[in-house]
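In what follows, a single structure is set out as structure tokens and then discussed.
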Amino acid sequence: MQMKTDLLKEFVAGVAEQKLGVRGIVVRQHGEILDQHDLVEPVERIQLYSASKTWTAMAVGIAMHEGLFKLSDRLLDLIADEIDFEPLPGYEKLTVEHLLTMSTGHDECPIFKAQRELMSKNPPKPGERGHMSDLWFDAFMKTPLTYDPDERHFAYNNGTSYMLSLIVQKTSGQTLLDYLIPRVFAPLGLENLEWDTDAKGRSLGAIGLHLTTEELSRGGHLLLNRGMWNGQQLIPADYVDAMTRKQVPNDFGEGDPEARQGYGYQMWMCTYPQAYRMDGMFAQFSIGMPTLDAVVAITSHEPTRGSDILRLVWSSIAPKLELTK
């Protein structure tokens, strides 16, 4: 679909000039699609990678509202039947809140670490890496903690999202995908969805949800509207407020500013005032901009310059939206 207005003209020109791998963009404001543009056709659902995490957090908020568990409940209690080993020191402190905020006490993602170690021993052939999801549970649960969870030290951690998916399944009796279908996906008009699973059929939580750019923008609008869609409160408003504000700091000095503005519940804060985002590898974004009552959703295949895409949104789209807010 081509542009309906000139809102995206400068953005699309910037993408071409900088050779950024954007596939599509949708801009919503005041609840309506203001403009959209597909730079790659045909338009297809694509892997959202870590932007999937935010949808996992949505499920957690709904499950807590339904009384399945609480923010303060301990991980070890919620998955007790999965544990046939002596938990490492510190794991007895881990709660749902630690998982949501990636403040478990790990010094790095234990899944990334396990994947590196496995690939160093058995280098994969091109296209054979996969998710290695059979490693995920043990990688998370059997990696010693570097920090006391009480310190709330942030470290990016795919295992937290996977464990949240497991908690939702344990307490609801449904996979994360099946749990979300009647509660979020169906109301948003999203059908026949795919969410990658481990060998036991569990939704991965951290990655694996597939959507189009426009479908991704619906999730962005749901959060911007504090969990309400078409007059129906799908996610508790106060929980969405907590999701979309800084819960833990992640400014550890050097690095891209867009990765150091704080972390909410499976969401990143942005340099643009009050903005937050779903964020997946290769630059899958759904950006909420409350001061403009706007959402910008972007799908891409951009290996290294995702923050350049964000900066292009701030410089080329946000000023135009400021005029219509």
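Read the figures in this text as sums done on the coordinates, not as results from a lab. The structure displayed is predicted, hence computed values, not measured ones. Cβ coordinates were reconstructed from backbone atoms using ideal geometry, including for glycine residues, and neighbour counts include every protein chain displayed.
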Problem set entry | Tilt relative to the chain, helix 9-18 - C-alpha long axis, 0 to 90 degrees, to 10 | 60 degrees
Problem set entry | Amide H within-cut-off set for residue 24, under 5 Å, with H built and near neighbours excluded | 39, 299
Exercise. Using 1/(1 + (r/R0)^6) with R0 = 45 angstrom and r between the beta carbons of residue 138 and residue 192, what's the FRET efficiency to the nearest 0.05?
Worked result: 0.90
Exercise. Which GluC sites (Glu not before Pro) from the range 160-249 combine a DSSP loop assignment with at most 16 other Cβ atoms within 10 Å?
Worked result: 191, 194
Exercise. What's the angle, to the nearest 10 degrees (0 to 90), between helix 52-65's Cα axis and the longest principal axis of the chain?
Worked result: 70 degrees
Exercise. How many times 2.2 N^0.38 Å is the alpha carbon radius of gyration of the range 1-75?
Worked result: 1.61
Seminar exercise, completed: Sequence order, the range 161-173: Karplus ³J(HN,Hα) from phi using 6.51 cos²θ - 1.76 cosθ + 1.60, θ = phi - 60°, Hz rounded, Gly and Pro as x, gives 5, 5, 5, 5, 4, 5, 4, 4, 5, 5, 8, 9, x
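Do any chymotrypsin sites (Phe, Trp or Tyr not before Pro) in the range 50-122 lie in a loop, going by DSSP, with at most 14 other beta-carbon atoms within 10 Å of their beta carbon, and if so which?
85
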Seminar exercise, completed: The long-range amide H neighbours of residue 35, using H built 1.01 Å from N in the peptide plane and a cut-off of under 5 Å, are 27
For this session: With an 8 Å cut-off on Cα pairs and a minimum separation of 6 or more residues, tell me the relative contact order of the chain in percent.
Result: 24 percent
For this session: Please report how far the C-alpha centroid of the range 269-325 lies from that of the range 38-110, rounded to the nearest whole angstrom.
Result: 24 Å
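Kindly identify the range 46-210 as rounded, prolate or oblate by the Cα gyration tensor criterion: order the square roots of the eigenvalues as a ≥ b ≥ c, call it rounded if a/c is under 1.5, otherwise compare a/b with b/c, prolate if a/b is larger, else oblate.
It is oblate, given that a/c is not under 1.5 and a/b is not larger than b/c.
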Exercise. Taking Cα pairs under 8 Å and at least six residues apart, what relative contact order does the range 46-210 come out at, in percent?
Worked result: 34 percent
Problem set entry | Binned Cα-Cα distance frequencies in the chain - 10 Å width, integer % | 6, 27, 35, 23, 8, 1, 0
Problem set entry | Helix 213-224 axis, angle to the chain major axis (alpha carbon atoms, nearest 10°) | 80 degrees
Exercise. Once amide H atoms are built 1.01 Å from N in the peptide plane, which residues 5 or more positions from residue 46, or in another chain, come under 5 Å H to H?
Worked result: 211, 212
For this session: When a/c is below 1.5 the answer is rounded, else prolate if a/b is larger than b/c, else oblate, so apply that to the range 1-128 with a ≥ b ≥ c taken from the square roots of the Cα gyration tensor eigenvalues.
Result: oblate
Seminar exercise, completed: Neighbours of residue 165 by Cβ distance under 10 Å: Lys/Arg at +1, Asp/Glu at -1, summed charge +2
Exercise. Using +1 on the beta carbon of Lys and Arg, -1 on that of Asp and Glu, and nothing else charged, what's the dipole of the chain about the Cα centre, debye to 20?
Worked result: 420 debye
